[in-house]
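A.B. asks: Below are the structure tokens for one structure; questions will follow.
The values are calculated or read from the model by the stated rules, or taken from the named source; none is laboratory data. This is a predicted model, so every value here is computed, not measured. Here Cβ is always computed from backbone atoms with ideal geometry, including for glycine, and neighbour counts include all displayed protein chains. Accessible surface areas use protein heavy atoms only, side chains included; no ligands, DNA or RNA. Shrake-Rupley method; radii C 1.70, N 1.55, O 1.52, S 1.80 Å.
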Amino acid sequence: MLTEQQTKHYKEKGYLIVENVIPPKKLKTLQDLTNDFVEKSKHIKENNEIFDIAENHSVNNPKLRRLKNPHQIHRTYESITKDNCILDLVSQLIGNNLRRDHTKLNFKAAHGGEAIEWHQDWAFYPHTNDDILEVGIFLDDCGEDNGPLMAIPGSHLGPLDDHHHNGYFIGAVDPKKSHYDINTAETFLAKAGAISLHHVRSLHGSKKNNSNKSRRMLFVGYTAADSWPLKGILDLGLKATSSEKDFIKNIYQVYESNIVKGEPCLEARVINNPIKMPYPPAPSVGSIFENQKEVLGRSFGE
């Protein structure tokens with residue numbers, strides 16, 4: 001259980017680090033599975049539905065940037081998203097009725113893992129309320145030198161920064177135009193097996209990894225069940241059928257199946273929050289790595 005001090009820290013700063021959350025045996029299983037996927041990626045030559053690869057990715061030097069929707073491709077990843085070791089902590093912050101919104105496994109390979117420019121997750125997927133957070137599971141020890149996540153304390157309580165560039169939504173903030181002082185950023189440093197929790201409106205980013213140590217994190221987005229996406233229920237890999245009614249029904253079934261604790265809720269709780277819709281999409285629409293190419297190096301260097 002979170003202490004009163006930990007809960008206060010999250011509410012005031014918009015993030016929290018909790019050590020020793022993932023049991024050692026489960027952590028080892030996640031690490032080994034992730035190594036297997038890196039091995040499987042060696043012969044991948046372009047991004048696909050599972051792998052997002054760096055431009056210098058090769059058979060002899062595989063450089064993954066992201067494993068997409070890992071909970072959909074292996075039961076081990078899916079299982080950890082529903083584990084009480086995580087859900088018990090999340091429910092103390094956003095309630096007992098929880099929906100899993102998405103997953104991703106981000107890689108920062110040694111000697112060049114890419115930076116992520118400053119952004120607020122809320123800009124990508126606004127909802128009817130902001131009882132939404134991202135859990136990051138540390139699969140590696142993370143220190144100052146291997147590209148730690150950083151967040152601006154208190155930014156979850158203020159305005160939404162502009163994530164557009166040249167009229168397109170590119171999912172990155174120009175630090176010179178931000179409402180927040182980037183120099184106040186605090187780093188997420190922890191051992192493997194720890195988790196981070198950051199609020200959906202927290203401004204965050206990460207530097208390039210120039211060390212000889214990898215930094216892999218499995219991210220899981222959770223929302224309160226009464227927080228509904230303003231972009232609509234997303235089509236999570238479903239293909240259209242001959243019947244529009246059946247298609248909509250199937251989408252809702254996928255949505256409902258992502259309730260990982262408690263009960264679904266059809267009554268959306270609406271809170272007044274700053275919102276700017278993430279349209280039109282960037283010309284290089286894809287993962288955040290592709291979308292942010294327009295401003296690559298603006299915050300953290302090439």
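A.B. asks: Taking the range 176-191, which residues are touching a residue at least 60 places away in the same chain (Cβ under 8 Å) and buried (at least 19 other Cβ atoms within 10 Å of the Cβ)? Steps first, please.
C.D. replies: Keep residues of the range 176-191 that are touching a residue at least 60 places away in the same chain (Cβ under 8 Å), which gives 178, 182, 186, 188-191.
Passing the criteria: 188, 190.
A.B. asks: Quick check, is residue 78 at pLDDT 95 or above, within 24 Å of residue 229 (Cα to Cα), among the acidic types (Asp, Glu) and open to solvent by 10 Å² or more (accessible area, probe 1.4 Å)? If you could, list the steps in order and put the result at the bottom.
C.D. replies: Numbers: at pLDDT 95 or above: yes; within 24 Å of residue 229 (Cα to Cα): yes; among the acidic types (Asp, Glu): yes; open to solvent by 10 Å² or more (accessible area, probe 1.4 Å): yes.
It is true that residue 78 is at pLDDT 95 or above, within 24 Å of residue 229 (Cα to Cα), among the acidic types (Asp, Glu) and open to solvent by 10 Å² or more (accessible area, probe 1.4 Å).
A.B. asks: Ok, one more. Within the range 81-92, is even one residue open to solvent by 30 Å² or more (accessible area, probe 1.4 Å) and among the aliphatic types (A, V, I, L, M)?
C.D. replies: Scanning the range 81-92, I find no residue that is open to solvent by 30 Å² or more (accessible area, probe 1.4 Å) and among the aliphatic types (A, V, I, L, M), so the answer is no.
A.B. asks: Follow-up. Select from the range 12-36 the residues that are closer than 19 Å to residue 136 by Cα and without any contact (Cβ under 8 Å) to a residue 40 or more places away in the chain and write down the one among them that is surrounded by the fewest Cβ atoms within 10 Å (Cβ to Cβ).
C.D. replies: Top of the filtered list is 25.
A.B. asks: Please work out which one of (1) at pLDDT 90 or above; (2) in contact with a helix residue (DSSP H, G or I) (Cβ under 9 Å, 6 or more places away or on another chain) is the condition residue 228 fails and give its number.
C.D. replies: (2)
A.B. asks: Please count how many residues of the range 248-283 are over 17 Å from residue 122 (Cα atoms), of a type in the set (Phe, Trp, Tyr) and not in a helix (DSSP H, G or I).
C.D. replies: Residues that pass the stated criteria total 0.
A.B. asks: Need pairs with beta-carbon distance below 6 Å; first residue touching a residue at least 12 places away in the same chain (Cβ under 8 Å) and within the range 142-159, second open to solvent by 20 Å² or more (accessible area, probe 1.4 Å) and among the aromatic types (Phe, Trp, Tyr); sequence gap 6+ or separate chains.
C.D. replies: Final answer for the pair search is 152/180; 155/180.
A.B. asks: Any chance the range 193-212 includes a residue that's open to solvent by 10 Å² or more (accessible area, probe 1.4 Å), of a type outside the set (Phe, Trp, Tyr) and under 29 Å from residue 256 (Cα atoms)?
C.D. replies: yes
A.B. asks: I'd like the full set of residues that are among the acidic types (Asp, Glu) and open to solvent by 10 Å² or more (accessible area, probe 1.4 Å), limited to the range 133-172.
C.D. replies: Once the filter is applied, which keeps residues that are among the acidic types (Asp, Glu) and open to solvent by 10 Å² or more (accessible area, probe 1.4 Å), the range 133-172 yields 140, 141, 144, 145, 162.
A.B. asks: Within the group 67, 87, which residue is within 14 Å of the chain's Cα centre (by Cα), more than 20 Å from residue 202 (Cβ to Cβ), modelled with pLDDT of 95 or more and not polar (S, T, N, Q)? I'd like the intermediate steps shown before the answer.
C.D. replies: Working: 87 fails: within 14 Å of the chain's Cα centre (by Cα).
After applying the criteria, what remains is 67.
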